[in-house]
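A.B. asks: Got a structure here, written out as structure tokens. Questions coming.
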Ligand code: URA
């Protein structure tokens with residue numbers, strides 16, 4: 001692929017902007033300035049630098065963010081900051097989107113990608129991908145609430161009850177809940193329907209992929225092949 005196309009596909013701006021970056025000598029490969037936009041470059045295991053900052057070539061972006069509270073999963077947020085502000089601008093430029101949304105006050109595991117099939121595979125209701133949340137509840141949990149969550153609760157506006165595949169108390173006021181759907185405010189609505197209230201919500205796992213303990217809130221990382229495989233696990 002020529003160098004201009006590489007920068008363009010990776011989200012470094014319009015073709016004109018990418019050409020300018022190259023001809024201004026701001027792009028390096030293997031420590032050498034590459035000033036020719038038409039230079040053919042192999043993309044296998046390619047990492048190039050723009051203004052000294054390394055960027056790995058990835059045909060598709062698969063990214064994990066440890067979402068802090070106070071951020072909306074939208075490029076045009078209504079009332080809070082955007083999660084895209086926590087990521088390099090190249091991601092938004094190449095059409096990366098959130099793989100399902102978390103509420104602004106929900107923290108934890110958020111995936112983003114520009115691979116439409118991947119987004120669909122993880123969010124389509126019939127794919128039934130398990131998502132595990134940890135909710136701090138206002139009132140102590142009891143067996144009746146946990147049984148209701150497992151047996152199914154009727155949410156306002158829904159014809160069928162929604163059941164958690166697992167609901168257990170980690171502590172008096174700490175609920176671990178695994179659900180297959182991704183309905184609007186689902187966990188908060190389920191907990192309310194079971195007679196309690198969510199005070200704080202954190203997503204810990206999607207499929208078999210667990211939020212890495214070492215990833216600080218607000219930080220992101222690329223997903224590797226093992227992470228992508230773990231997402232398929234049930
Ligand atoms: N359920 C909710 O209520 N909120 C979220 O952000 C995710 C699941």
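A.B. asks: Which one of these does residue 48 not meet: (1) at pLDDT below 95; (2) surrounded by 20 or more Cβ atoms within 10 Å (Cβ to Cβ)?
C.D. replies: (1)
A.B. asks: If you don't mind, another one. Answer yes or no as to whether residue 217 is over 30 Å from residue 85 (Cβ atoms) and in a loop (DSSP other than H, G, I, E, B).
C.D. replies: no
A.B. asks: Out of (1) within 16 Å of the ligand (Cβ to nearest atom); (2) farther than 23 Å from residue 226 by Cβ; (3) more than 12 Å from the chain's Cα centre (by Cα); (4) touching a residue at least 24 places away in the same chain (Cβ under 8 Å), the odd one out for residue 90 is which?
C.D. replies: (1)
A.B. asks: Contact list please: Cβ distance under 8 Å, first residue in the stretch 177-198 and free of Cβ contacts under 8 Å to residues at least 24 places away in the same chain, second residue surrounded by 15 or more Cβ atoms within 10 Å (Cβ to Cβ) and outside any helix (DSSP H, G or I), pairs at least six apart or on different chains.
C.D. replies: Matching pairs, first to second residue: 192/198.
A.B. asks: Being within 13 Å of the ligand (Cβ to nearest atom) and crowded, with 18+ Cβ neighbours inside 10 Å is the filter here, so list the residues in the stretch 203-219 that pass it.
C.D. replies: Those that are within 13 Å of the ligand (Cβ to nearest atom) and crowded, with 18+ Cβ neighbours inside 10 Å: 203, 205, 206.
A.B. asks: Now for a separate question. Which of the helices (runs of 4 or more DSSP H) contained wholly in the stretch 106-194 include at least 3 residues that are modelled with pLDDT of 95 or more and within 15 Å of the ligand (Cβ to nearest atom)?
C.D. replies: 186-193
A.B. asks: May I ask you to verify whether residue 111 is touching a residue at least 60 places away in the same chain (Cβ under 8 Å) and either surrounded by fewer than 16 Cβ atoms within 10 Å (Cβ to Cβ) or in the same structural domain as residue 221 (by TED's automatic domain parsing) (or both)?
C.D. replies: It is true that residue 111 is touching a residue at least 60 places away in the same chain (Cβ under 8 Å) and either surrounded by fewer than 16 Cβ atoms within 10 Å (Cβ to Cβ) or in the same structural domain as residue 221 (by TED's automatic domain parsing) (or both).
A.B. asks: Do any residues in the stretch 120-142 that are assigned by TED's automatic domain parsing to the domain that holds residue 167 and at positive phi have Cβ atoms under 8 Å from those of residues that are surrounded by fewer than 11 Cβ atoms within 10 Å (Cβ to Cβ) and modelled with pLDDT under 95, where the two are at least six apart or on different chains, and which pairs are they?
C.D. replies: Listed pairs, sorted by first residue: none to list.
A.B. asks: Still on this model: Name the single residue that is nearest to the ligand (Cβ to nearest atom) among those in the stretch 93-102 being in contact with a strand residue (DSSP E or B) (Cβ under 7 Å, 6 or more places away or on another chain) and part of a loop (DSSP other than H, G, I, E, B).
C.D. replies: Step by step, filter the stretch 93-102, then rank; the result is 102.
A.B. asks: Continuing with the same structure: What number of residues within the stretch 2-25 satisfy the criterion of being surrounded by 16 or more Cβ atoms within 10 Å (Cβ to Cβ), in contact (Cβ under 8 Å) with a residue 24 or more places away in the chain and more than 18 Å from residue 95 (Cβ to Cβ)?
C.D. replies: Residues meeting the conditions: 3.
The values are calculated or read from the model by the stated rules, or taken from the named source; none is laboratory data. Please read these numbers as outputs of a predicted model, since none were measured by experiment. When we count neighbours, we look across all protein chains shown, and the Cβ atoms used for this are built from the backbone with ideal geometry, even at glycine.
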